[in-house]
1. Using a 10 Å cut-off on Cβ atoms, rank the peptides 68-74, 127-133 from the highest mean neighbour count down.
2. Rounded to whole Hz and in sequence order, give me ³J(HN,Hα) for region 90-106 from the Karplus expression 6.51 cos²θ - 1.76 cosθ + 1.60, θ = phi - 60°, writing x for Gly and Pro.
3. Can you give the net charge of the other residues whose Cβ lies under 12 Å from the Cβ of Asn134, counting K and R as +1 and D and E as -1?
4. Return the sequence-ordered ³J(HN,Hα) values of region 139-149 in whole Hz as given by the Karplus equation 6.51 cos²θ - 1.76 cosθ + 1.60 applied to θ = phi - 60°, using x for Gly and Pro.
5. Below 8 Å, C-alpha to C-alpha, sequence gap of six or more: please give me the relative contact order for region 51-105 in percent.
6. For region 21-81 and region 97-160, write down the distance between their C-alpha centroids in whole Å.
7. Inverting the mean 1/r over all pairs of different Cα atoms, compute the Kirkwood radius of region 91-149 and quote it in Å.
8. Using only Cα atoms and rounding to the nearest 10 degrees, what angle (0 to 90) does helix 34-53 make with the longest principal axis of the chain?
Amino acid sequence: FMLKRCFLVSRYRVGDGRFLVLFNIHNSAFDDAADLRDQELQLLRKLTMEEYEKGNYVVAGGDWNANPPYFVPLNNYNGHRFVPSAVTMNEDTFPQNWTWAYDASAPTNRQNYKAFVKGENGTTLLDYFIVSPNVELLQATSIDLEFENSDHNPEYIKVA
């Protein structure tokens with residue numbers, strides 16, 4: 001049984017006549033889904049590049065089910081125990097002038113084999129964004145709710 005993954009595309013016309021194009025994603029997980037993950041990322045890259053080449057502003061984010069490239073937790077990870085994901089995002093998935101947007105000081109996902117106990121359950125960062133070069137990243141923040149309502153914590157970005 002493999003959950004169906006997807007992404008949702010939303011388009012918003014902005015003042016200059018172009019569009020802000022948002023991709024809300026949930027990519028496949030687990031090592032045995034490598035081929036499917038690659039297909040998903042290739043399609044996402046193709047569509048985001050097409051929108052950017054049209055002059056649109058592009059932000060893609062959600063649950064990547066992989067750590068971002070070169071991810072290292074910061075500032076004691078807010079007291080959480082870091083466990084790297086089985087998969088790390090390939091640095092070449094998007095061009096180098098695109099920006100990976102996340103806050104490395106707190107996790108967005110936890111292991112859920114037992115009830116959450118901060119510092120005991122393994123945690124990692126799976127939820128983050130990529131923004132096109134014509135979008136300025138102003139802020140990226142992990143909102144550490146200590147997994148009160150889910151096995152994920154929210155991630156917030158502010159862009160211009």
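1. Details: 68-74: 14.7, 127-133: 21.7.
Final packing ranking: 127-133, 68-74.
2. Whole-Hz 3J(HN,Hα) from phi for region 90-106: 5, 4, 8, 4, 10, x, 5, 7, 7, 10, 7, 10, 6, 10, 7, 8, 8.
3. In short, -2.
4. Couplings: 7, 9, 9, 8, 9, 7, 8, 6, 6, 4, 10 Hz.
5. Working: 35 pairs, mean separation 22.3, N = 55.
The normalised contact order for region 51-105 reaches 41 percent.
6. Centre-to-centre (Cα) distance: 12 Å.
7. Working: mean 1/r = 0.0754 Å⁻¹.
In region 91-149 this quantity evaluates to 13.3 Å.
8. 40
The values are calculated or read from the model by the stated rules, or taken from the named source; none is laboratory data. Quick caveat: nothing in here was measured; it's all calculated off a predicted structure. Cβ sites come from the backbone with ideal geometry, for glycine too, and all protein chains shown count toward neighbours. For accessibility, only protein heavy atoms count, side chains too; no ligands or nucleic acids. Shrake-Rupley method; radii C 1.70, N 1.55, O 1.52, S 1.80 Å.
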